[in-house]
Amino acid sequence: MGKQAALKDHFKDRQIFLNRTVSVLLMISLAFLILFSRLIYLQVIQHNKFSYLAKNNQVRIAPIPSVRGMIYDRNHKVLAENIPSHSLEVNRSKTINIDDSIAELSKIITIDAEDIKSFKKQGKYKSRYEAVALRQNLTETEVAKFANIKYDFPEAEVVANLNRYYPYGLYSAHIVGYIGQITDNELKKYKPGTFRGTNFIGKTGLEHSLEDKLRGEVGYEHIETDAKGRSIRTLQQTLPTPGDNMHLTIDIELQKHIIDSMKNSIGAVVAVEPSSGEILALASSPSFDPNIFVHERNDEKIEKIFKNPNKPLFNRAVTGQYPPGSTIKPILSLWALEKGYITPSTMIFDPGYYKIAEESKVFRDWKRDGHGWVNVNKAIRESCTTFFYHLSRILEIDEIHKCFDAFGLGKSLDIGLTNTSEGIAPSKEWKAENIKEPWYPGETLNTGIGQGYTLMSPLQAAYMTSIIANRGEQTALSLFPSYEQSGAIKQLAIFPNSKHWKLVVDSMQEVITHKKGTAYKINRLMKYPTAGKTGTSQVHTITKRIAYDKIPIKLRDHSWFIAFAPAENPKIAVAVILEHDRGSAKFAASVINNYLNKVDLNE
């Protein structure tokens with residue numbers, strides 16, 4: 001009995017063991033089946049996908065920024081350069097929580113909301129494995145602080161890079177311009193990848209218009225990384241192409257002299273070399289320091305510039321538009337002489353006014369009691385308004401428009417900058433199209449003395465003056481040396497070899513040398529024979545005589561002065577506009593003397 005019980009228990013234990021063994025084997029088989037199925041899925045079905053991902057996990061493509069081109073003046077002085085700086089960069093692939101990392105880093109280095117906003121914006125256009133600048137332009141103290149704790153932040157590093165810098169600051173601001181962080185809208189205008197390795201783009205001036213030349217081409221390196229994204233070695237490298245260096249025609253020392261002289265004035269000065277068309281100075285006052293816009297943490301200074309009522313960002317030299325006033329009298333005189341409307345001996349009596357019968361209107365001369373009998377020489381010298389009222393009635397608006405058009409008024413001059421104004425050379429067609437009204441006789445008279453609808457930029461005034469200086473030869477103005485353009489760009493001359501050029505130029509010299517000339521006050525200041533013409537750009541009509549210093553500043557007229565020197569074989573032509581001021585002739589004298597003192601007049 002006991003033996004049977006023992007056998008029964010043994011059989012039972014054996015059965016339990018076998019059942020358990022089968023269960024375990026089934027579980028193991030199932031596990032192997034699942035693993036094998038997964039292996040088939042990964043190795044066969046998803047082979048291409050994971051092979052691609054594996055390769056990309058092993059190799060990271062990083063951009064190598066190009067070096068932005070330098071900008072120099074005509075004497076090889078640096079106007080825009082790249083200087084060493086340091087930035088704090090963060091690799092998002094090396095941190096679990098980027099916000100926590102930024103919070104900890106901000107305890108050591110100042111990081112504000114704008115820095116974080118910029119960081120996240122840049123991150124949208126970069127790979128997760130590509131470092132992104134969190135703070136730029138670190139101070140030496142901040143660099144030293146980070147060096148002490150850098151091992152606590154494997155995701156961050158201080159990187160040496162190049163920062164744009166403008167050594168002449170406010171003296172070159174309206175020409176060179178400045179760079180700034182690229183916006184989404186700006187980025188859309190370029191091919192993807194164009195701005196890899198940089199966050200900056202030219203915003204104004206030549207930095208903007210020459211962006212494609214200055215930027216260069218970004219390079220790339222293929223970096224092998226480990227599973228944690230750490231660099232192992234460089235597999236392949238394509239070096240960047242540096243941007244082009246640009247040489248300008250600007251004389252920065254002359255430009256500096258002009259801006260310093262205008263520090264308490266609002267206006268513009270453009271100086272050119274007539275024979276080549278090279279622009280020597282392009283000054284607008286007030287100006288601003290472009291470095292403020294490049295470097296971060298200058299919000300208060302930037303806001304102050306934007307709120308300045310005198311608009312320092314506005315480039316008056318090329319964008320400003322003003323009635324030309326009497327500066328157009330020499331070209332109108334020449335046109336009338338050449339076309340046979342008058343002769344050098346034509347005399348007109350000036351009682352101090354001119355009447356238009358059909359409008360029952362009296363047009364006053366600036367000299368209330370008149371200039372008496374006037375010929376074209378005296379009319380230019382003393383700026384006789386009544387003479388040009390008569391002349392305008394003889395020419396009529398269509399002929400005046402042709403004259404203005406020939407001398408560059410009403411046309412945008414392409415010098416390499418954007419936003420150059422066309423001005424207005426009015427005509428019957430222009431008024432009908434823009435104002436939807438007919439042309440009136442009185443408007444012809446106003447146009448003939450440079451008022452009314454007529455508008456001209458200082459750049460256009462300098463171009464007009466250079467044509468007079470060249471006795472009709474038109475040489476396109478440019479900010480780039482003529483040797484880079486295969487010589488100066490010549491256009492069809494206006495009345496070449498005409499005997500009337502001498503009469504006009506001699507009359508312009510008498511504006512300065514004759515006791516009754518409108519710029520006789522600067523005669524003693526001129527070191528070189530100079531031909532010039534004053535002009536008044538009317539701001540507000542004042543119906544009664546008021547002492548100049550009693551007129552509110554904002555109602556005072558603008559003053560023009562155009563000039564070139566030496567009168568024979570001129571080396572410089574200048575146009576000056578001062579807003580609500582009347583010292584333009586003195587400015588022109590200063591500019592001419594400053595430049596010609598350094599020039600070999602025998603060349």
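Structure notes:
- Near SER383: Cβ cut-off under 13 Å, other residues only, Lys/Arg at +1 and Asp/Glu at -1. The net charge is +2.
- Cβ-to-Cβ counts within 10 Å put HIS174, HIS580 in ascending order as HIS580, HIS174, the fewest first.
- Net charge over other residues, Cβ less than 9 angstrom from the Cβ of ILE223 (K, R count +1; D, E count -1): 0
- Dipole of segment 111-220 computed with +1 at Lys/Arg Cβ and -1 at Asp/Glu Cβ about the Cα centre; of LEU138, ILE179, PRO192, farthest Cα towards the positive end is PRO192.
- What you get for segment 330-415, charging only the Cβ of Lys and Arg (+1) and of Asp and Glu (-1), is a dipole of about 280 debye around the Cα centre.
- The value of relative contact order for segment 88-139, using C-alpha pairs under 8 Å at least six residues apart, is 60 percent.
- Reachable aspartates and glutamates, given that their alpha-carbon falls under 20 Å from the alpha-carbon of LYS516 and they are not under 8 places away in the same chain: ASP350, ASP365, ASP369, GLU382, ASP506
- Table column - 3J(HN,Hα) (Hz), segment 275-280, Karplus curve with 6.51, -1.76, 1.60, x for Gly and Pro: 5, 9, x, 5, 7, 8
- Calculated from backbone phi, Karplus (6.51, -1.76, 1.60) coupling profile of segment 90-106 in Hz, x at Gly/Pro: 10, 9, 5, 6, 9, 9, 6, 10, 5, 5, 5, 4, 5, 4, 6, 5, 5
- Cα convex hull volume per residue for segment 365-482 (Å³): 124
- Options THR454, THR420, ILE468, ranked by Cα towards positive dipole end of segment 396-493, top entry (Cβ charges): ILE468
- Stokes-Einstein translational diffusion, the chain - Kirkwood Rh over all Cα pairs, 1.002 mPa s, 20 °C, in µm²/s: 73
- Relative packing of 441-452, 377-388, which averages over residues the other C-beta atoms within 10 Å, highest first: 377-388, 441-452
- Residue-count net charge about GLY517 - beta-carbon cut-off 12 Å; Lys, Arg +1, Asp, Glu -1: +3
- When the charge dipole of the chain is built from unit charges on Cβ atoms (+1 for Lys and Arg, -1 for Asp and Glu) and taken about the Cα centre, the candidate among PHE564, ILE111, TRP366 whose Cα reaches farthest toward its positive end is ILE111.
- Dipole magnitude (debye, nearest 20) for segment 185-289, charges at Cβ of Lys, Arg, Asp, Glu: 600
- For ASN163, the residues whose amide H sits under 5 Å from its own are ILE83, SER85, ignoring neighbours fewer than 5 places away on the same chain, with H placed 1.01 Å from N.
- Interchain or long-range residues, amide H under 5 Å from PHE363's placed H: TYR354, LYS355, ILE356
- Over the chain, relative contact order from alpha-carbon pairs under 8 Å, at least 6 apart, %: 13
- Under the convention that each Lys and Arg Cβ holds +1 and each Asp and Glu Cβ holds -1, the size of the dipole of the chain around its Cα centre is about 1200 debye.
- Unsatisfied cross-links (Cα-Cα over 29 Å) in the set LYS117/LYS188; LYS94/LYS145; LYS329/LYS571; LYS301/LYS411; LYS126/LYS213: LYS301/LYS411
- For segment 414-512, the fraction of C-alpha pairs farther apart than 16 angstrom is 70 percent.
- With θ taken as phi - 60° and the Karplus curve 6.51 cos²θ - 1.76 cosθ + 1.60 applied, the whole-hertz 3J(HN,Hα) list for segment 466-472 is 5, 5, 5, 4, 8, 6, x Hz, x standing for glycine and proline.
- Packing order of peptides 341-347, 369-375, 394-400, highest average first: 394-400, 369-375, 341-347 (average count of other Cβ atoms within 10 Å over each peptide's residues).
- Relative packing of 120-129, 418-427, 461-470, which averages over residues the other C-beta atoms within 10 Å, highest first: 461-470, 418-427, 120-129
Values quoted throughout were computed directly from the atomic coordinates according to the rules given, and no laboratory measurement underlies them. Predicted model only: the values in this text are computed from it and were never measured. Here Cβ is always computed from backbone atoms with ideal geometry, including for glycine, and neighbour counts include all displayed protein chains.
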